[in-house]
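Written out below as structure tokens is the structure these notes cover.
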Amino acid sequence: MQKITTFVVFLLTVVGETLCANETSGWSDIEQLGFFQASLLHTLDVPVRGCYEKKDVLKAEYEKAVQCVKDVKSTTSFCQTFVFHFEPCVQKLLDLYEGCDVSSERGIRAALVNSLVGEAKFLCQTDGEHIFEFVNPCVFKTFENSKTCIKNVTSVTFITHMNPQPGESILEPVCQMVSGIKDCFSPEFSKECHNEITKDSFHKLYSVEAKPCNVVIAYISQLFMFF
């Protein structure tokens, strides 16, 4: 119970601190976009080495994407906006970055968006009973038991990312890492969690399809391991 409470307090603290930081920095789109979509748009608009020459074009396309999301959100719910309209709104921005990102970073932004949209679609279609199973104590126990295995998997990917081969994208080792994390998690989960609703919830969460793979799985695993 203590871990669950800590987990919820942590999420609320992150949201609160981020909102305060963004307010003082003049980032005023949160109210119109919603915290999650504003945060993701801000994350996507971080130019890397190869894109500085296109910064004006990227800025203009970013503003178009923001306005597109605002226009849709003003007339519908978050689930409708994010699941069905966010990706089309940012597609041109993603394409621009795809054309100038260094090869090792290529495709990461698009994979992140596609994975988040897939997870959001799953969550928006899931009832509260199944969602609350994500903080079942057996889940924290599973990640605790899987910690060494997951750390070994992620450390290999980190080394690959820091030393990429010429022309190689980090996406391939990241997708291999996602597969490895599932292999670490599954046997421990089967051992610790016996409730059918819990098993069904996590099976569906980890089975969400994304192109080229569901990179959000790596972030979810790291978040649970923190506790």
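The values are calculated or read from the model by the stated rules, or taken from the named source; none is laboratory data. All figures in this text were calculated on a predicted structure; none of them were measured in a lab. Here Cβ is always computed from backbone atoms with ideal geometry, including for glycine, and neighbour counts include all displayed protein chains.
Below are the figures for this structure:
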read-out	value
Counted residues, the stretch 15-57 - those being at pLDDT 50 or above, farther than 29 Å from VAL102 by Cβ and assigned to a helix (DSSP H, G or I)	4
The stretch 103-153, residues that are touching a Ser or Thr at 6+ places or on another chain (Cβ under 7 Å) and not hydrophobic (A, V, I, L, M, F, W, C)	SER103, SER104, ARG106, GLY107, HIS130, GLU133, ASN136
Matching option when the condition is over 17 Å from the mean Cα position of the chain (by Cα), of a type in the set (Lys, Arg) and farther than 21 Å from GLY107 by Cα, among LYS204, LYS182, LYS199	LYS199
Residue within the stretch 140-152 that is within 21 Å of the chain's Cα centre (by Cα), modelled with pLDDT under 90 and not in a helix (DSSP H, G or I) present	no
Residue in the stretch 164-172 that is of a type in the set (A, V, I, L, M, F, W, C), surrounded by 18 or more Cβ atoms within 10 Å (Cβ to Cβ) and part of a helix (DSSP H, G or I) present	yes
Cβ pairs under 6 Å, 6+ apart, first in the stretch 181-201 and assigned by TED's automatic domain parsing to the domain that holds LYS151, second modelled with pLDDT of 95 or more and hydroxyl-bearing (Ser, Thr, Tyr)	none
In the stretch 58-76, the residues that are assigned to a helix (DSSP H, G or I) and touching a residue at least 24 places away in the same chain (Cβ under 8 Å)	LEU58, GLU61, TYR62, LYS64, ALA65, VAL66, VAL69, LYS70, LYS73
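Residue-wise test of (1) surrounded by fewer than 19 Cβ atoms within 10 Å (Cβ to Cβ); (2) farther than 30 Å from GLU192 by Cβ.
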{"position": "VAL90", "(1), (2)": "no, yes"}
{"position": "VAL102", "(1), (2)": "yes, yes"}
{"position": "ASN114", "(1), (2)": "no, yes"}
{"position": "PHE122", "(1), (2)": "yes, no"}
{"position": "ILE131", "(1), (2)": "yes, no"}
{"position": "VAL135", "(1), (2)": "yes, no"}
{"position": "CYS138", "(1), (2)": "yes, no"}
{"position": "CYS149", "(1), (2)": "yes, no"}
